[in-house]
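Down below is the structure, laid out as structure tokens.
The values are calculated or read from the model by the stated rules, or taken from the named source; none is laboratory data. Model, not experiment: these values are computed from the prediction. We place every Cβ from the backbone using ideal geometry, glycine too, and count neighbours over all the protein chains shown.
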Amino acid sequence: MVYYTLNRGILVMALLCLCISMSFNKAYAQETHKKEFCGTEATPKQIEYMETLRSTIQNSNRLRATTSLQNLVYIPIKAHIVRKSNGVGGLDLLDLLKAMENLNNKYRVANMAFYLYESINYIDNDAYYNFSSSDESAMAFGNDVANVINIYFVQSARSGTSNVCGYARFPNGSSGGATDRIIMVNSCTTNGSTYPHELGHYFSLYHTHGKTNTGTTDELVDGSNCTTAGDDICDTPADPNLSGQVNTDGCTYTGTATDANGDLYTPDATNLMSYSPSTCRSNFSQGQYDRIVGAFTNSRNYLLTRTTPPPTIGSFTSNNDQIVIQGSGFSLNAGDNIVAVNGVPAVVTSSTNTQLVVNMPANASTGLITVSVNQQLAISTQSILVTVSAFPYTESFEQGLGDWTQSIEDDFNWSINAGGTPSVSTGPTNATDGSEYLYTEASGNNNPGKVTYLTSTYFDLSTLTTPKFSFSYHMFGGTMGTLTLEISDDNGQNWTSLWTQTGDQGNNWNTETLDLANYQGKTVQFRFVGTTGSSWQSDIAIDHIQVNNTGAIQIASVSPSQVSVGETFTITGTGFSAIPSENIVKINGVLAQVTGASATSLQVVVPIGATSGKITVISNGKVAVSAGSILIPITVYPYSEGFERGFGVWSQNVADSIDWTRGLGSTPSASTGPSSAAEGDFYLFTEASNPNFPDKVAIITSAPFELANLIDPIFTFSYHMFGGSMGTLTLEVIRGSETTWTTLWTQTGDQGDEWKTQTIDLSAYQNEAVQFRFVGTTGSSWQSDMAIDNIIIDGKQVTISSFSPAIARQGDTITITGLNFQPGDNDNVVKFNGLPATILSATETQLMVIVPENATSGKVTVTINTGQTGTSTTDFLVIPEILSVSPLHGKEGDLVTIQGKAFSPTASKNIVSFGGVATVADSVNGNALYVTVPVGALTGQVTVAVRGQVATSTDVFVVAPTITAFLPDSGRVGDEITIIGTNFVQGNSHVRLNGRWMTTTSVTPTEIKAIVPYHAVTGKVTVKIGRDVAVSPVDFKIFVLKPTITDFFPKSGQRGDTITITGTNFEIDYNRAQVRLNGRWVPVVERSVTTLKVVIPYHAATGKFTVKVGQEIATAAEDFIVNEFGTTYSLYPNPTAGLVHFQIQGMTNEPATVRVFDRDGQEVLQNQMNLQQGTFTLDISSLPAGRYIFKIQLAQQVITRTIIKN
């Protein structure tokens, strides 16, 4: 029976939502510690094109007065959602709706709205799911739609070598193809700002920091060049590039950069086109809106715009036969309304502008409803629900959400994922059953305290006598939130909590089973409520949901999910026997050995003959079947299948018309089908009796076969096609990288009452991974039973039986014995643990080779010229060697590099000893081991042991001294301090304080006494013995005497005047005095312990002098008065390459004296001249580049300015 859900809050479809003021609070983007990069960068051609339009698109007053956008215009977006090849993943439609709503809210000021064009285009291809820009053309081929904005939503995106959030193209005077294409990463689409940001680029907006992705702006803070610099827009402040320079708590700029004039930047951290964090970006400026409208009007006017809004779906009701949809914008002509239920087309029987009556499709399932009118798409915000009444019920999200739906009334959505979540130190690394699971991505806007709902369809519990609900959950993270399971028995009007858990539960999956006895006989819904914690470290995951009777055993997870014959895996669940022999485990029907057991876990060994498939556990008379399959790759040949114990690695296709049937003896119908198997007792056949004809299709598909190691592979099978109206049997193949099946063989019509054998040459698929499928199509009547049996896949194989000797050094010669080698030396490739070796001679059964340089212990492989590889069953051992140890001196905790040969590529398998004290290598890089000197290491030779083989260094490693502390931790010149450590040497321990020699008074192996030297300054203490230096962990602090200011004179003056400051302690050793006036730096031209001469700078203001020595500061008792000039002058250009021009008002031909000083106060140039109409020019091209102080004496006043010489 089909139920429905009523909207409790209508989310207006992306285009009418312009009228609603709602906050966009859904985001999957990574936390602000993970940067989101824009991949859009203007090309020279695009910049040149936009330069030609500058006067048009930046003339905001004229543009707003004349543009056609005085009325709302609807702009088309074609949404291409990229999913995995199996149809899993991709941007959730509810997320797309929220993103469209946010986009339209941002562009409403420009009288622009966006609508979804026609239907959602799904691209199911693993190659594009994690997208690379190099694949853009291939992905877009056949998918792009002309005259619309084609947006491709992908899981991740890479442009060149950089991960990006997305990218767009600027206008360039053309249309179609790449210029109308945008790439968006799903998590960035939903972060509230990147989606409108990329559309901003599409409509000609640069980043606020300029026309490149990196670097800083060329726009000045005072705005004097705003029309041609930076982003060419004057109401966006100059932006130095905000990446990493915005405090996310308050969205405030934290940088201190200045422009070319020395002015501090004051950028807008909320602008959508900035590199501020996504959570801070929220608005466009009016100038940006003007430019957007100008670009649309002049460069994007070919788009298929509409003047009427798209349709909306407000609510719907349904029964088993019909759906009644309420909304707006529907066509009066029923056939013009294109309706689908969870992607399945539905027939509209009647329509008005506000109501559609639709027939329920026969194969409809839980999901959203879509309505397309005049190529404008509406999507429901609630799902139509189909009741579950068959049990046991299992959902592990391997094919999507199944019978569960997202909510629009929460803050964000649950996400389907495989592997680890994007954030570190939170979330699982894999599913507990199968490969997919659901989780809450807590990064970006999704914390703190954000809520997400996952609601089930209806479950009719009347057929369960003791119902229970079980599921697996994962709650790992330092700021973990809360997970709650709720139940409703009144169509979701009220919810009751069944279970809740809060806080970090460890980095593991847990299983919870809940008694539903109070709801036996009722129809109920379940709802998971995930609430994030205080930060991004609160990803919550759920998996393997089961509904069944209490007391039934359950399989929660299988780990690992892929194993080979002879390996052990673990089944986790409930209700198992603690006695191994009382648990029966089968892998795809093959009995396996249980080696360990408890009530909640079983340890199982994969038996010979086991193939990929579901796991069955029988314990205490009860049966459980895993939701997902365990994968056992087929790499062992010959492979044969006679269906004696089931279907083996072959599975039915759920999308065909009928199933293949496992037969014994004759088929049920006379005059058709075999009477016995071709081999053994069983076979597979298509039962063509009514209603399985005519032209009904049965498909059975194999597991993957890896043909890499077969020479001249063949596929052999027996088939039986007897019947007066026989149909067609086809064998097809598909490569792992393909999406289309290829016919290998086909046969049609009656072939007589006998089994026939067919052999197919697979040489075209040699060295590839492939799958096979049989497609049986019934004929015109029931006399078309066809059968298959005795499938064999085989070929010759390269084998290695032995090598002699089995232990050798790099460069030694060994002999490899085996089968199917090539007799030509150049027709075989031999590798030692992956490293190619030189072949001296070759026959079909023996190879004589040299152990290669850099070889390590491991498997030996032989690959012949046709691509087949044989691998040794045992490892070949290479004896290690040490060539050098560097350095040969060090202390505990130091990193030492050991160069050599035949080290293990696994660091922990290299046992390294220093003077007999053992440790393991930290890391390995080729022939180099990186090892930390262990605690207690002794001087002596270094050894490396690998798999029982030992190498010894020729040189001795000397353990260096260490400093652990000193007493006291501070003092003055002449004080004695005690240095505590290890490995000190009498007569050979050289002590320094911050680089200055210290006189030692006594030395023992663990203690040195030394005197603080004259001119000592705060810093590290070092002890050098030979070439080894020990450094103190902290600084020894030198006391500095506090300076004082007793007087200064004169008490007032003009900028450029010299002032004398008197006092004490101005110069203490290397602690030079720093002077400021009213907080501004003042240059010192002369200095001593008691006197400082300073020059009043150009920007000085009346205030107090301060003198800073070290961390000590003295302040004058009274203010110095700065006398202001009464005239206006200028000195330019600044910076200059050589000529400096001076101009002053109110003076004509008066004499002037010009003195130029470098930054150290040294006079480097003096010149006397007369003003010419109040101006003069001075050439300083002979001076080196740098900063200079000009002092210009005019009558009774001195003008001081700083000039930068390039």
Go through 1048, 1066, 1036 for me and flag whichever is over 30 Å from residue 1123 (Cβ atoms) and of a type outside the set (S, T, N, Q).
1036
Considering each of 680, 665 in turn, give the residue that is on the phi > 0 side of the Ramachandran plot and free of Cβ contacts under 8 Å to residues at least 24 places away in the same chain.
665
Just wondering, is there one or more residues in the stretch 1059-1072 that are surrounded by 16 or more Cβ atoms within 10 Å (Cβ to Cβ), more than 59 Å from the chain's Cα centre (by Cα) and free of Cβ contacts under 8 Å to residues at least 60 places away in the same chain?
yes
Restricting attention to the stretch 632-645, does a residue exist that is in contact (Cβ under 8 Å) with a residue 24 or more places away in the chain, in contact with a Lys or Arg (Cβ under 7 Å, 6 or more places away or on another chain), surrounded by 15 or more Cβ atoms within 10 Å (Cβ to Cβ) and within 30 Å of residue 487 (Cα to Cα)?
no
Any chance the stretch 801-818 includes a residue that's of a type in the set (A, V, I, L, M, F, W, C) and out of contact with any Phe, Trp or Tyr (no Cβ under 9 Å at 6 or more places or on another chain)?
no
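Okay, residues lined up against (1) assigned to a loop (DSSP other than H, G, I, E, B); (2) in contact with a Lys or Arg (Cβ under 6 Å, 6 or more places away or on another chain); (3) surrounded by 12 or more Cβ atoms within 10 Å (Cβ to Cβ); (4) aliphatic (A, V, I, L, M):
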| site | (1), (2), (3), (4) |
| --- | --- |
| 1164 | no, no, yes, yes |
| 1168 | no, no, no, no |
| 1181 | yes, no, no, no |
| 1184 | yes, no, no, no |
| 1190 | no, yes, yes, no |
| 1200 | no, yes, yes, no |
Tell me, yes or no, whether the stretch 292-313 has at least one residue that is in contact with a Gly (Cβ under 6 Å, 6 or more places away or on another chain), under 30 Å from residue 350 (Cβ atoms) and assigned to a strand (DSSP E or B).
yes
Among the strands (runs of 3 or more DSSP E) contained in the stretch 862-906, which hold 2 or more residues that are hydroxyl-bearing (Ser, Thr, Tyr) and at pLDDT 90 or above?
881-886
Filter the stretch 349-398 for residues that are aliphatic (A, V, I, L, M), modelled with pLDDT under 85 and over 12 Å from residue 316 (Cα atoms) and give the result.
362, 364, 386, 390
Hits in the stretch 863-885 - residues which are aromatic (Phe, Trp, Tyr) and over 21 Å from residue 847 (Cβ atoms)
none
Filtered residues of the stretch 895-929 (kept if hydroxyl-bearing (Ser, Thr, Tyr) and buried (at least 16 other Cβ atoms within 10 Å of the Cβ)):
904, 913, 919
Qualifying residues in the stretch 1033-1057 (those that are at pLDDT 90 or above and of a type in the set (S, T, N, Q)) - the one surrounded by the fewest Cβ atoms within 10 Å (Cβ to Cβ):
1046
Looking at the stretch 921-928, is at least one residue free of Cβ contacts under 8 Å to residues at least 12 places away in the same chain and either in a loop (DSSP other than H, G, I, E, B) or farther than 16 Å from residue 954 by Cα (or both)?
yes
Among the residues of the stretch 930-962, count how many are surrounded by fewer than 17 Cβ atoms within 10 Å (Cβ to Cβ), outside any strand (DSSP E or B) and on the phi > 0 side of the Ramachandran plot.
2
Specify the residue that is nearest to the chain's Cα centre (by Cα); the eligible residues are those in the stretch 456-483 that are of a type in the set (S, T, N, Q) and more than 17 Å from residue 543 (Cβ to Cβ).
479
Out of 1042, 1020, report the one residue that is farther than 30 Å from residue 888 by Cβ and touching an Asp or Glu at 6+ places or on another chain (Cβ under 8 Å).
1042
Check off (1) modelled with pLDDT under 95; (2) out of contact with any helix residue (DSSP H, G or I) (no Cβ under 9 Å at 6 or more places or on another chain); (3) among the hydrophobic types (A, V, I, L, M, F, W, C) for residue 755 and give me the number that stays unchecked.
(1)
I need a count of the residues in the stretch 527-546 that are touching a strand residue (DSSP E or B) at 6+ places or on another chain (Cβ under 9 Å), surrounded by fewer than 24 Cβ atoms within 10 Å (Cβ to Cβ) and either within 17 Å of residue 387 (Cα to Cα) or among the small types (Gly, Ala, Ser) (or both).
1
Residue that is modelled with the lowest pLDDT, among those in the stretch 661-699 that are hydrophobic (A, V, I, L, M, F, W, C), under 15 Å from residue 718 (Cα atoms) and not in a loop (DSSP other than H, G, I, E, B)
682
Only listed residue being at pLDDT below 50 and either in a loop (DSSP other than H, G, I, E, B) or of a type outside the set (A, V, I, L, M, F, W, C) (or both), chosen from 98, 34:
34
Looking at (1) touching a strand residue (DSSP E or B) at 6+ places or on another chain (Cβ under 7 Å); (2) at negative phi, which is the one condition that is false for residue 1181?
(1)
Do the conditions hold for residue 785, that is, is it touching a Gly at 6+ places or on another chain (Cβ under 6 Å), of a type in the set (D, E, K, R) and in contact (Cβ under 8 Å) with a residue 24 or more places away in the chain?
yes
Residue among 1171, 1178, 1165 that alone is modelled with pLDDT of 85 or more and more than 14 Å from residue 1190 (Cβ to Cβ)
1171
Residues of the stretch 1106-1124 satisfying the condition of being surrounded by 13 or more Cβ atoms within 10 Å (Cβ to Cβ) and under 54 Å from the mean Cα position of the chain (by Cα)
1106, 1107, 1108, 1109, 1110, 1112, 1113, 1114
Test for residue 938: is it at pLDDT 90 or above and either of a type in the set (A, V, I, L, M) or not assigned by TED's automatic domain parsing to the domain that holds residue 1014 (or both):
no
Going by what's in this entry, would residue 75 be described as β-branched (Val, Ile, Thr), in contact with a strand residue (DSSP E or B) (Cβ under 6 Å, 6 or more places away or on another chain) and under 25 Å from residue 293 (Cβ atoms)?
yes
